[in-house]
Amino acid sequence: MKLKLNVSLLRQRVPNLTTAARSAGLRPATVSNLCTGKIPVGRAEVRTIAALAALAKCSIDELILNGEAVDMIETKIKTLDLFAPLAKGGTVGLVARPGMGQLVLLGELFHHFKRDGYLTLLLKPEGNYPELQDMLDDVEKVAYSIEDVYSMITAAGPDKEIVFAADREHVLTGKIYDLQERLQNEGIVNVTTFLVDLKGAVVDEDIPYGPLETLWVFDADLAARHKYPAVNPMHSTSSVLEGVHLDQNHLTVQQRAQKLLRRYRELRALVNVKGLAGIPASEVETYHRGERLEAYLTQPFCIAEAFTGTKGESVSLQDTLSDVQSILNGSIDHIPVESLYFIGRLP
């Protein structure tokens, strides 16, 4: 079954759709492509659909007809696959200040993608960014213009899976959107795009990249405490998480884990001031399980082996779900927290 917008309802309730979309912070061309089916609804950012429903004064269920699965690319990075899965063929935005580890994460992903047979492509940003040098070993092709990117992608053929990274400067000029529309018009839908902001200005903006399928928000507190990858499990999200697209067990574990981590952070603020004795006895178990879950979600990366001396680990989604369930259910309450940092699977 194919997912589509209830376009007649949308146009009936929002006569001047272009103006209304722009006023709501949506890109009119994107809305147009969603309405015509050039962009599958399953690849639209959740917030885009929610904004359209708000404009039409209807529920999301009324706005969307039928159902279609969004394919997930399993990154084998625990916190990403659990909390904000990567939508295949979509656009992912990384929101971080410099020094939070976004390029290390991107480098690890490109390392895995290249090994798995993807074409890895980087559009080199203007200016001097020596920190990009470390990930170039896993970049198969470096482009110097949007036109270079277009040529490389079309030359790869329709069946080649492609991951492509670009700096936000190309979002601000609109060139990324133009490229995506050109590729969609030619039926090329196998390109997963990563957008980063090397200057870190995106942190202060509500919708820094426009419509996205996946959003990874980095966390200053995790980075300061060297809990990498420092991706915030509460603020990061993905269109894959829409209920109709997600395995029910994944959704249940993800929601329980988010709830535990949210409460753990609240309790941790008290513990930092008053010590463990400063929280109610009934909350001590919750605090320790949250501590274990946060520790487990750290992960050693392959590209960092030479610096850390720790072997990189990849963990399948099913293993992650099983391990997180064990933490949530108290099965590893006896295991010291210290033994859970920067591991793959549970011991």
Distance check, please: which entries in K57/K88; K88/K141; K57/K227; K175/K311; K175/K227; K76/K160 exceed 32 angstrom between their Cα atoms?
K57/K227; K175/K311; K175/K227
Gain in length, E285 to E147, computed as 0.36 nm per residue apart minus the alpha-carbon separation, to one decimal in nm?
44.1 nm
Please report the relative contact order for the range 184-302, taking Cα pairs under 8 Å with a sequence separation of at least 6, and give it as a percent rounded to a whole number.
19
Rg over Rh of the chain, using C-alpha atoms and the Kirkwood radius, what does it come to?
0.98
Taking Rh as the Kirkwood radius, which is the inverse of the mean 1/r over Cα pairs, what is the Rg/Rh value for the range 78-128?
0.96
Strictly greater than 17 Å: what percent of every Cα pair in the range 214-292 meets that?
55
In nanometres, the difference between 0.36 nm per residue of separation and the alpha-carbon distance of A220 and K114 is 35.2 nm
So what is the relative contact order for the range 105-201, in percent, with contacts set as C-alpha pairs under 8 Å and at least six apart?
30
Looking at the range 205-257, which trypsin sites (Lys or Arg not before Pro) are DSSP coil and have at most 16 other C-beta atoms within 10 Å of their C-beta?
R225
Work out from phi, with θ = phi - 60° and the Karplus expression 6.51 cos²θ - 1.76 cosθ + 1.60, the ³J(HN,Hα) of each residue of the range 123-134, listed in order in whole Hz, and give x for Gly and Pro.
8, 5, x, 6, x, 9, 10, x, 5, 6, 4, 5
What accessible area per residue, rounded to a whole number of Å², is obtained for the chain using a probe radius of 1.4 Å?
45
Quick check: at a probe of 1.4 Å, how many percent of the accessible area of the chain sits on carbon and sulfur atoms?
51
Would you mind computing, in nm to one decimal, how far apart the modelled labels at E305 and D178 are, each placed 7 Å from Cα along Cα→Cβ?
4.3
Kirkwood hydrodynamic radius (Cα pairs, Å) of the range 205-347?
16.6
Over the chain, calculate the relative contact order: mean separation of alpha carbon pairs under 8 Å at least 6 apart, over the residue count, as a percent.
20
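The values are calculated or read from the model by the stated rules, or taken from the named source; none is laboratory data. Computed from a predicted structure; not experimentally measured. Every residue, glycine as well, gets a Cβ built from its backbone with ideal geometry; the counts of neighbours run over all protein chains shown. Areas reflect the complete protein model, heavy atoms only, side chains present, ligands, DNA and RNA absent. Shrake-Rupley method; radii C 1.70, N 1.55, O 1.52, S 1.80 Å.
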